Amino acid sequence: MCIVLVASFKTMATSPSDTRWQTIQSQGKNQPVYFYAWGGDPQINAYIQWVAEQVKAQYDIELVHVKLSDTSEAVSRVLAEKSANNHAQGSVDLIWINGANFAAMSKHDLLLKDWAQTLPNFALTDPNNNPAVNFDFGLPTNGMEAPWGQASLTFYYDSLAIDGSTTNQLPTTLHQLLTWSAQNPGRFSYPKPPDFLGMSFLKYALVVLHNNNDDELKAQLNQPATDKNTTEVLNPLWVFLNKLHPTLWRSGKHFMQSGAQMRRLIDDTELSIGFTFSAPEVPAAVQRFDLPTSTRSYAMHDGSLSNTHFVAIPYNASHAQGAQLVANFLLSPQAQAHKQKPTIWGDKTVLIQSMLNTQQQALFKTTQPHPSALPFNSIKRTLSEPHPSWVNAIMQGWQTRYGVSQ
């Protein structure tokens, strides 16, 4: 397997005329690369370990996964190094990032610029016709990030707990969820902000609640949050949550801390419906006996909040060349196909199939899906992430209104 990977990858990554990339390859070999990435999912951690084995075989790179509980930890580290005038020997070589953390690092000039588009495998994302790889939560990446994968908010439920009766129909829209929760009190909730998953649910609700509003108000979601527009834009969310919270688990007076706790509550039959930003997490949890075998996945009909996640290189990375070699490998068909397998991670590829040859396309063919997996082509409508500044606006407003009793 490694021999095939090396041969295929080198053929694609090396061009005699690309002296810049040849220089990167020459300088990046035999380097350690410190990859700062969220470490809260065993499947993702195992995949990163697989990547480490591949780049070790190909480039003798020692890829070290520095596990984070929150990406902001790495952002703070790079910012502290810049404040200490450490402009060349940074401790972070590569960082898994998107959204508000990318916005913060970009704002403070903490990222290496104009490198991502020079990666040989970046062309396989069809960047000229694929804005998802050039924009991060609406902000242009300007070559500071290389796309790694795509994810969408996916719901799941215990099919034995939702029986299809008049008052227990599976909710497939936000408004149906409100009605269902009122009819089945205590069977749904969401993680407390600033948890990523909890914030994702709140952003999904906010975007859906503005679907039928006039274009001018809706457009504010793609603009920075300000003192002037925050009240008007967020008011529909607070009205909705005021109705939803009394129907939630523990009457909305206490919230779970994480997606892992949500899974436990469903496995313990306290909750009937949950959600994740990693659809393959559901069948994987069933296989680990962390969720019941009766668990099924589905996508909301009013839209699925979706985004692309990236890797970036800090401006002061000690091993920027090695980091670029790793980033390019992460974009290879072999690495992307392996990552997309439900049994590995199940993270959707950022590569465009029409840009791949027949042999590369064959790598993405899947076997029989797990019964708990999200059915193919379930997501009919994707919802774009709002501007990153709305994360803090939502979080602060939520804390003011609902955080006192936590």
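Since every read-out is calculated from the coordinates, none of them should be taken as a lab result. Source: prediction; values computed, not measured. Glycine also receives a Cβ, built like all others from the backbone with ideal geometry; neighbour counts cover every protein chain displayed.
Of the labelled figures (1) 66, 50, 35; (2) 56, 50, 38; (3) 79, 57, 44, only one reflects Cα extents along the principal axes in Å as derived from the coordinates, namely (1). Using alpha carbon centroids, what distance separates segment 118-145 and segment 178-229, in Å? Rounded to whole Å, the Cα centres lie 27 Å apart.
Summarising the strand pairing of the chain, around 65 percent of its internal DSSP beta bridges are antiparallel.
Each semi-axis of the equivalent ellipsoid for segment 290-406 is √(5λ) with λ an eigenvalue of the Cα gyration tensor; in descending order they amount to 31, 26, 15 Å. Each peptide in 342-355, 73-86 was scored by the mean count of other Cβ atoms within 10 Å over its residues; highest first, the order is 342-355, 73-86.
Distances between placed amide hydrogens fall under 5 Å for Asp126 paired with Ile352, all partners being 5 or more residues away or on another chain. Counting only DSSP H runs of at least 4 residues, each contributing -39500 (n - 2.57), and dividing by the residue count of the chain, the helix-based mean residue ellipticity at 222 nm comes to -11500 deg cm²/dmol. Toward the positive end of the charge dipole of segment 45-163, about the Cα centre and with charges on Cβ (Lys, Arg +1; Asp, Glu -1), which of Gln150, Asn130, Ala80 goes farthest? Most positive-ward Cα: Ala80.
For Lys253, the aspartates and glutamates whose Cα comes closer than 18 Å to its Cα, not counting residues fewer than 8 places off in the same chain, are Asp195, Glu270.
Taken as Cα centroids, segment 243-265 and segment 313-355 sit 35 Å apart, rounded to the nearest whole angstrom. Could you name the lysines in cross-link range of Lys218, using Cα to Cα under 19 Å and dropping any fewer than eight places away on the same chain? Partners within reach: Lys203, Lys228. When peptides 309-321, 87-99, 215-227, 153-165 are sorted by average Cβ neighbour count within 10 Å, with the highest value leading, the order is 309-321, 87-99, 153-165, 215-227.
Kindly flag which residue pairs out of Lys67/Lys348; Lys82/Lys339; Lys113/Lys380 have an alpha-carbon separation exceeding 26 Å in this structure. It would help to have the intermediate numbers written out before the result.
On the way: Lys67/Lys348 22 Å; Lys82/Lys339 34 Å; Lys113/Lys380 35 Å.
From the list (Lys67/Lys348; Lys82/Lys339; Lys113/Lys380), the Cα-Cα distance tops 26 Å for Lys82/Lys339; Lys113/Lys380.
Taking 0.36 nm per residue of sequence separation and removing the Cα-Cα distance, the Ser69/Gln49 pair yields an extension gain of 5.4 nm.
Close amide H partners of Leu112, meaning residues 5 or more places away or on another chain with modelled amide H under 5 Å apart, are Ile313, Tyr315.
Determine, from the Cβ-Cβ distance of Lys107 and Asn168 and an R0 of 56 Å, the FRET efficiency 1/(1 + (r/R0)^6), rounded to the nearest 0.05. Provide the component values of the computation, followed by the final result.
Values: r = 47 Å, r/R0 = 0.84.
So the FRET efficiency works out to roughly 0.75.
Each of Ser372, Trp390, Gln336 was scored by the projection of its Cα onto the charge dipole of segment 332-398, and the greatest displacement toward the positive side belongs to Ser372; charges sit on the C-beta of Lys, Arg, Asp and Glu. What you get for the chain, charging only the Cβ of Lys and Arg (+1) and of Asp and Glu (-1), is a dipole of about 340 debye around the Cα centre.
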